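The values are calculated or read from the model by the stated rules, or taken from the named source; none is laboratory data. Fair warning: this is a prediction, and the values are worked out from it, not measured in the lab. Here the Cβ is made from the backbone with ideal geometry for all residues, glycine too, and neighbour counts use every protein chain on show. Keep in mind that these areas ignore ligands, DNA and RNA; they rest on the heavy atoms of the full protein, side chains included. Shrake-Rupley method; radii C 1.70, N 1.55, O 1.52, S 1.80 Å.
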Amino acid sequence: MKLSVIILFLICGVLHSLSAQKNEEEGRFTATIVAGINISQIDGDEDGAYSKVGFNGGARGGVRFGDRMELCTEILFSQKGSYIKSIDKLYHLDYMEVPLLFYYKDWEAVDKKNRKYMRVMIGGGLSYSRLLNTTIKQYGTTLEDGQPGFAKFLSNDLMFMLDANIFFTRNFGLNLRWSRSILTIVEQPIRQNISYAINRSIIVRALFRF
């Protein structure tokens, strides 16, 4: 966890350096800090609600292709999982996540310094996640490997994403994202008669673009 935070701070510093512009117009490269929440569920557990809230944050770097298109990647710390209220069971999953997304931009605006920028970015893409930590609790007790109700989660997760950003100013904005695993995330089914389990998340984040 500590290493992940250190890496995120280093990347933010590098992105800030890349995004520094000597002129007043937007340059080729972009750098953004993102922070917010995952509202998550696991398809294949004992419940279907988006009932687990966790942190989602990190750094985004982008390359512009003209005024309307941008290719972005991020490095994120992302907490996912689910909570089944009926049996008081919590799945908590910590991931290091690296999305790659392509955006189309629209709604040109001008700031107080007469600099042009686009208010809206809509896009989609894929994301790779590496599992850092797993915690499973039931009735307040942490379950260990071999105990009834314990589940072994795979180390890797590949996801599909849809994404929308709106900037209220040149620097500050709001991000809404939906993500879904493409493949199962467990070695064995969590419950009987279900052969898979997948992460689903609705992500809401604040954006600060340098």
Segment 73-124: number of residues that are among the basic types (K, R) and in contact (Cβ under 8 Å) with a residue 60 or more places away in the chain: 5
May I ask you to say which residue of G54, G62, G58 is on the phi > 0 side of the Ramachandran plot and touching an Asp or Glu at 6+ places or on another chain (Cβ under 9 Å)? G58
Failed criterion for I182 (all others in (1) open to solvent by 30 Å² or more (accessible area, probe 1.4 Å); (2) under 15 Å from I33 (Cα atoms) hold): (2)
Look at V186 and say whether it is within 21 Å of Y83 (Cβ to Cβ), among the β-branched types (V, I, T) and under 11 Å from the mean Cα position of the chain (by Cα). no
Selected residue [farther than 29 Å from G173 by Cβ and among the β-branched types (V, I, T)] from I84, I75: I84
Among the residues in segment 170-179, are any at pLDDT 95 or above, among the basic types (K, R) and crowded, with 18+ Cβ neighbours inside 10 Å? yes
How do the pairs read when you match residues in segment 172-186 that are over 19 Å from Y103 (Cβ atoms) with residues anywhere that are assigned to a strand (DSSP E or B) and acidic (D, E), using Cβ under 6 Å and keeping only pairs 6 or more apart or on different chains? S181/D157; I185/D157
